[in-house]
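A short write-up of the structure that comes next.
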Amino acid sequence: MHDMDSVTKNLTDLLIEDVFRKHDISQAKRKPISPEERDKLRDLVHTLQAQVEDFLQSQKVSSSEDVETKRKK
């Protein structure tokens, strides 16, 4: 799971930097976010991660059920 967190963070960083470059937003123009905003973003990321993990687990179950159904035929 730690590897997935690292990949997610790196991908997010790349996407954010791309958006900043696209809209010509330099480091100097960026306004720091408040601790409350940071907490909200962190909660949002955790919620999204949980939803993705639930989805992936449901896909694994669905795939294994499909395999079992095909074996019985």
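A few comments on the model shown:
- Residue count for the stretch 1-51, restricted to those that are β-branched (Val, Ile, Thr), within 15 Å of the chain's Cα centre (by Cα) and modelled with pLDDT of 90 or more: 1
- Count of the stretch 1-58 residues which are loosely packed, with under 10 Cβ neighbours inside 10 Å and either outside any helix (DSSP H, G or I) or in contact (Cβ under 8 Å) with a residue 40 or more places away in the chain (or both): 8
The values are calculated or read from the model by the stated rules, or taken from the named source; none is laboratory data. All values reported here derive from a predicted model rather than from experimental measurement. Cβ atoms come from the backbone with ideal geometry, glycine included; neighbour counts cover every protein chain shown.
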